[in-house]
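Participant: Below are the structure tokens for one structure; questions will follow.
The values are calculated or read from the model by the stated rules, or taken from the named source; none is laboratory data. The structure displayed is predicted, hence computed values, not measured ones. So basically every Cβ, Gly included, is an ideal-geometry build from the backbone, and we count neighbours across all protein chains shown. Side chains included, ligands, DNA and RNA excluded: accessible areas come from the protein's heavy atoms. Shrake-Rupley method; radii C 1.70, N 1.55, O 1.52, S 1.80 Å.
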Amino acid sequence: MNREDEPLDRWAARREGRLRKPGELKALTLGTGPQRAAHLDPEAPRLILEWDGFQWVTVTVVDDYAAACRLLHPAPQPRAEEQPASGKREGRHRKPRA
């Protein structure tokens, strides 16, 4: 199918998939000189920005690269059903409790 012949609703769905989602975070290095790769100056403070759907808005400033990584990529919290039940001893190789 030619792009000029593409229906508007299909084009809009494709465009929506490419757009940045509100709430997305990014970090900028607060140092001298131009922006470089984040890992090159790990001790420099970072400015954390959030996309609100229209512009980048300042959220906070963190001390270094490690703190920015923890804020941008938090560790997943285990769900209740994924946590092993304490005290259960069932299974083929377990002795039954008396």
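Participant: Return a yes/no flag: does the stretch 46-53 have any residue that is modelled with pLDDT of 75 or more and at positive phi.
Facilitator: Yes, the stretch 46-53 contains at least one residue that is modelled with pLDDT of 75 or more and at positive phi.
Participant: Also, I was wondering about something else. Under 7 Å between Cβ atoms, at least 6 apart or on separate chains: pull out the pairs that start in the stretch 63-82 with a residue that is under 12 Å from A27 (Cα atoms) and end on any residue that is open to solvent by 80 Å² or more (accessible area, probe 1.4 Å).
Facilitator: Between residues of the stretch 63-82 that are under 12 Å from A27 (Cα atoms) and residues that are open to solvent by 80 Å² or more (accessible area, probe 1.4 Å), the close pairs are D64/E43; Y65/H39.
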